[in-house]
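The block underneath contains the structure these notes are about, expressed in structure tokens.
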Amino acid sequence: MTQRVTVCEVGPRDGLQIAHGRMPTALKSRWIAEIAAAGVPEIEVGSFVPARVVPAMADSAEIVRAATALPGLTVVALAPNLRGAQDAHAAGSHKIVIPVSVSAGHSQANLRRSPAEQVAEVARIVAWTREQPRPARIEGALSTAFGCSIDGVVPASAVVTLAEALAAAGVDSVSLADTVGYANPAQVRALVRAVRAAVGARLERLHLHDTMGLGLANALAGLDEGIVKFDAALAGLGGCPFAPGASGNIVTEDLVFMLESMGFSTGIDLARLLEARATLRAGLPEDELHGGLGRAGIPRTFQTAA
Ligand code: ZN
């Protein structure tokens with residue numbers, strides 16, 4: 001039987017938050033609709049942060065509302081605090097990702113809180129969400145889990161401790177984020193094993209950046225360890241405004257090519273996905289687009305998994 005792997009497109013959030021250009025709202029909505037129409041099952045469409053901090057995310061409520069009309073799509077939003085999570089929920093987000101930095105330096109730069117204070121905020125968000133008639137799923141995303149451009153080495157024990165704290169706070173799932181792209185495949189294997197030993201199947205997802213060119217190798221290591229959910233960004237956009245030196249996410253279309261070629265089913269039509277690059281190009285004429293398939297096209301030998 002073909003194994004299913006879920007790819008979550010994070011370009012509209014992780015990509016656009018750091019892009020040089022500002023994509024107009026109507027074009028952003030069209031781009032998201034095209035990605036969904038290509039079969040991408042989950043899209044992180046925006047973040048509920050103050051517009052003065054990340055101006056490109058000011059239209060997130062409108063974008064979420066439009067995305068919830070797309071058939072079958074799981075609409076994901078990022079929120080750093082209870083206020084943001086309430087706004088994300090009010091707009092109709094199906095799932096809300098709450099970042100929790102493992103490194104103290106990134107936590108202060110990104111959230112102006114210590115990691116422990118942010119876990120307490122996650123607990124407040126979970127408690128509030130459970131009182132709602134249609135609660136969104138809450139994911140705790142451990143940022144800088146593989147290293148930090150501000151603090152340097154991030155001990156695996158610190159990641160495990162925070163993953164346990166998030167599980168105790170009641171999150172539905174935990175993800176590990178290589179925010180600055182410092183991970184290597186051996187480290188991915190070891191950390192996935194350690195965190196899974198602590199929180200079991202609550203560890204769902206990897207969020208990988210390709211700073212060192214190891215993004216797909218790291219995804220493969222995660223896959224070998226049984227991870228079947230991955231974040232990625234069309235054309236490899238992305239980066240964190242509060243993590244100096246971070247570069248783009250792993251490239252969605254290249255990840256889908258690798259997975260399908262290896263016999264893992266993603267449900268994504270690669271040709272249609274590639275077509276969505278044109279809308280991205282129209283919306284961000286000045287930004288560099290990355291990716292092997294974007295450069296070379298789909299190889300004539302390519303076969304889908306299912
Ligand atoms: Zn990221």
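The values are calculated or read from the model by the stated rules, or taken from the named source; none is laboratory data. All of these numbers come straight from a predicted model, not from anything done at the bench. All Cβ positions, even for glycine, are placed from backbone atoms using ideal geometry, and neighbour counts span all protein chains on display. All accessible areas refer to the heavy atoms of the entire protein, side chains included, with ligands and DNA or RNA removed. Shrake-Rupley method; radii C 1.70, N 1.55, O 1.52, S 1.80 Å.
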Restricting to region 282-306, name every residue that is of a type outside the set (A, V, I, L, M, F, W, C) and surrounded by fewer than 14 Cβ atoms within 10 Å (Cβ to Cβ). PRO285, GLU286, GLU288, ARG295, GLY297, PRO299, ARG300, THR301, GLN303
The condition of being surrounded by 19 or more Cβ atoms within 10 Å (Cβ to Cβ) and free of Cβ contacts under 8 Å to residues at least 40 places away in the same chain holds, among LEU142, LEU111, only for LEU111
Just to be sure I understand the filter: pairs with C-beta atoms under 9 Å, separated by 6 or more residues or on different chains, first member in region 291-306 and closer than 15 Å to GLU260 by Cβ, second member of a type in the set (Phe, Trp, Tyr). Which pairs pass? GLY292/PHE257; LEU293/PHE257; ILE298/PHE257; PRO299/PHE257; PHE302/PHE257; ALA305/PHE264
Quick one: is THR6 within 28 Å of GLY263 (Cβ to Cβ), surrounded by fewer than 22 Cβ atoms within 10 Å (Cβ to Cβ) and modelled with pLDDT under 95? no
Members of region 179-212 that are within 16 Å of the ligand (Cβ to nearest atom) and without any contact (Cβ under 8 Å) to a residue 40 or more places away in the chain: TYR182, ALA183, LEU206, THR211, MET212
Confirm whether ALA145 is more than 20 Å from the chain's Cα centre (by Cα) and outside any strand (DSSP E or B). no
Residue hits (region 18-70; open to solvent by 40 Å² or more (accessible area, probe 1.4 Å) and either in contact with a His (Cβ under 6 Å, 6 or more places away or on another chain) or closer than 18 Å to GLN86 by Cβ (or both)) are PRO50, ALA51, VAL53, ALA58, GLU62, ARG65, THR68
Which pairs have Cβ atoms under 6 Å, sit 6 or more apart or on different chains, and link a residue in region 220-232 that is within 13 Å of ALA190 (Cα to Cα) and more than 15 Å from the ligand (Cβ to nearest atom) to one that is among the basic types (Lys, Arg) and at pLDDT 95 or above? ALA221/ARG189; GLU225/ARG189
So ALA271 fits all but one of (1) of a type outside the set (Asp, Glu); (2) open to solvent by 40 Å² or more (accessible area, probe 1.4 Å); (3) modelled with pLDDT under 95; what number is the exception? (3)
Out of all the residues in region 92-106, which are crowded, with 24+ Cβ neighbours inside 10 Å and either part of a loop (DSSP other than H, G, I, E, B) or basic (Lys, Arg) (or both)? SER93, VAL102, SER103
Just give me the residues in region 127-139 being of a type in the set (A, V, I, L, M, F, W, C) and surrounded by 21 or more Cβ atoms within 10 Å (Cβ to Cβ), in sequence order. ALA136, ILE138
Within the group GLY248, GLY239, which residue is under 15 Å from the mean Cα position of the chain (by Cα), under 23 Å from ALA33 (Cβ atoms) and touching a residue at least 24 places away in the same chain (Cβ under 8 Å)? GLY248
Quick one: is SER261 touching a strand residue (DSSP E or B) at 6+ places or on another chain (Cβ under 6 Å), in contact (Cβ under 8 Å) with a residue 40 or more places away in the chain and either surrounded by 19 or more Cβ atoms within 10 Å (Cβ to Cβ) or not charged (D, E, K, R) (or both)? no
Could you list, ordered by first residue, the pairs with Cβ atoms under 9 Å in which the first is in region 21-39 and touching a residue at least 24 places away in the same chain (Cβ under 8 Å) and hydroxyl-bearing (Ser, Thr, Tyr) and the second is open to solvent by less than 50 Å² (accessible area, probe 1.4 Å) and in a helix (DSSP H, G or I), at least 6 apart or interchain? THR25/ILE63; THR25/ALA66; SER29/ILE63; SER29/ALA66; SER29/ALA67
Can you tell me which residue is nearest to the chain's Cα centre (by Cα) among those in region 71-81 that are surrounded by 18 or more Cβ atoms within 10 Å (Cβ to Cβ) and more than 13 Å from SER93 (Cβ to Cβ)? PRO80
